[in-house]
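The values are calculated or read from the model by the stated rules, or taken from the named source; none is laboratory data. If you're wondering where the values come from, they're calculated on a predicted model, not measured in any experiment. So basically every Cβ, Gly included, is an ideal-geometry build from the backbone, and we count neighbours across all protein chains shown.
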Amino acid sequence: MNAALSYPIITCLIAAASTLGIIVRPFKVPEAVWALLGAFALCALGLLSWTDALHAAGNGTEVYLFLTGMMIASELARKEGLFDFLAALAVRRAAGSARRLFLLVYGVGIVVTVFMSNDATAVVLTPAVFAAAKAAKADDPLPYLYICAFVANAASFVLPISNPANLVIFQDRMPTLLVWLSHFALPSVLSIGATCIALRIAQRRALMRPIAQHIDVPPLSPSGKMAGYGIALMALVLLAVSGLDMALGWPTFLAGVGTLAAVCLRKRTAPWPHLTEISWGVLPLVAGLFVLVEGLQRTGLLAELARALHDGARYAPGLTVWLAGIGVALGSNLINNLPAGLIAGSTASAAHASGQITSAILIGVDIGPNLSVTGSLATILWLAALRREGQKVSAWAFLKLGCVVMLPALLLALGAVFVTH
């Protein structure tokens, strides 16, 4: 085989093997290890220089800062009892109705995703929902926990800040807020509604079981209130920063660290107990994914995709809208939607794609990951949060549910883009 031809094939095989390792987790080896092994293999085989790999990993700095701030805030709220307090309130409001609790959790998930990002829903909301299910004495907490995973992606394009992948796709061509809403308001409503209905139907049997009606609401300590104020302030900071068209990483990180410092000063304790229980493995996982994407870009794949997108938009624009959205949705489950967003955004820019095609690509990147456990970083964070609570969800179980939940939402949202643009 020609050496020049073999390099792209080997790169694609390494990326595929790493993705498979992340999905299956053989021998229960963490996801980050498989991503880093793939990145190391690219460099060791000379397919990517060490300098380029470090540069690619460095491109994720804003994402690392954003995630760190969110994980600090989540762990702080968990340890200070904020989640237990909110969970008890939700269960009391549900008044013994599992269906009402389902809708309450779904509504909160929408709000958190829209104003704090889908990653925040996975990191911040999942522990609270688990606490709510436990307080409600639910036989199976999964119907409520699934909400955190699915709504995190279904509602992740209501606003630009609702998903970091949105910023990656549009890059320096980000529409104004009013233009954004005119493009994505209807697709978002359809996505959120279809996801809720499909998930509700899929979990109907579990939601027929009774839950506790009368429970005691634990008092919230002053430090717990401070953690809550810190998370609320973080949401306001993210909205303000997004409105000023600034990067989200540092503000989120500083808000998380500032909240931690305030709580520790009030309690006169060291911050280390909070920091040691955070799922830090998420950060090297993201770094490894960035390196793998850089390797794929060096294969010439980006140029070929841009050429195909340009030709499709020229000769069959309507069909290209559907193919781009569905193709990116499926591709996001193979390499994760953040790297897929990087590739798709660069491809759309190089192909000078229309706003309609770019919108379809964004919807594919945002909704598509609801198919599999590796589709989005938010879902990977959700899995990590579940493991901390001793709850497990297999890749196969998620895929079966994802087929039911993701496809209607994706097709309806793409249809709205096709009609309204």
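What the table below lists for this structure:
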quantity: Close pairs (7 angstrom Cβ cut-off, 6 or more residues apart or separate chains): of a type in the set (Ser, Thr, Tyr) in segment 378-392, part of a loop (DSSP other than H, G, I, E, B) anywhere; calculated: Thr379/Val373
quantity: Filter pass, Lys400 being over 17 Å from the mean Cα position of the chain (by Cα), basic (Lys, Arg) and more than 17 Å from Ala122 (Cα to Cα); calculated: yes
quantity: Tabulated pairs, segment 397-421, first in contact (Cβ under 8 Å) with a residue 24 or more places away in the chain and closer than 13 Å to Gly364 by Cα, second of a type in the set (A, V, I, L, M, F, W, C) and outside any helix (DSSP H, G or I), C-beta under 9 angstrom, 6+ apart or interchain; calculated: Ala413/Phe157
quantity: Residue within segment 145-165 that is more than 24 Å from Arg388 (Cβ to Cβ) and of a type in the set (Val, Ile, Thr) present; calculated: yes
quantity: Residues that are outside any loop (DSSP other than H, G, I, E, B) and either surrounded by 13 or more Cβ atoms within 10 Å (Cβ to Cβ) or at pLDDT 95 or above (or both), drawn from segment 202-226; calculated: Ala202, Ala206, Leu207, Ser223, Gly224, Lys225, Met226
quantity: Of all residues in segment 45-65 being among the hydrophobic types (A, V, I, L, M, F, W, C) and more than 30 Å from Leu248 (Cα to Cα), the one that is surrounded by the most Cβ atoms within 10 Å (Cβ to Cβ); calculated: Leu47
quantity: Close pairs (9 angstrom Cβ cut-off, 6 or more residues apart or separate chains): closer than 15 Å to Ser117 by Cβ and touching a residue at least 40 places away in the same chain (Cβ under 8 Å) in segment 68-80, surrounded by 24 or more Cβ atoms within 10 Å (Cβ to Cβ) and of a type in the set (D, E, K, R) anywhere; calculated: Met70/Asp119
quantity: Every pair of residues 6+ apart whose Cβ atoms lie under 7 Å, when the first sits in segment 348-375 and is of a type in the set (A, V, I, L, M) while the second is not in a helix (DSSP H, G or I); calculated: Leu362/Phe157; Ile363/Phe157
quantity: Condition broken by Thr374, with the remaining ones in (1) under 21 Å from Phe66 (Cβ atoms); (2) surrounded by fewer than 24 Cβ atoms within 10 Å (Cβ to Cβ) satisfied; calculated: (2)
quantity: Matching residues, segment 1-44, being surrounded by 15 or more Cβ atoms within 10 Å (Cβ to Cβ), under 24 Å from Ser279 (Cβ atoms), at pLDDT 80 or above and not aliphatic (A, V, I, L, M); calculated: Ser18, Gly21, Pro30, Glu31, Trp34, Gly38, Phe40
quantity: Close pairs (6 angstrom Cβ cut-off, 6 or more residues apart or separate chains): among the hydroxyl-bearing types (Ser, Thr, Tyr) in segment 215-241, part of a helix (DSSP H, G or I) anywhere; calculated: Ser223/Val263; Ser223/Arg266; Ser223/Lys267
quantity: Listing of helices (runs of 4 or more DSSP H) fully contained in segment 228-344 that carry 1 or more residues being of a type in the set (A, V, I, L, M, F, W, C) and exposed (fewer than 15 other Cβ atoms within 10 Å of the Cβ); calculated: 249-267, 272-275, 301-315, 317-335
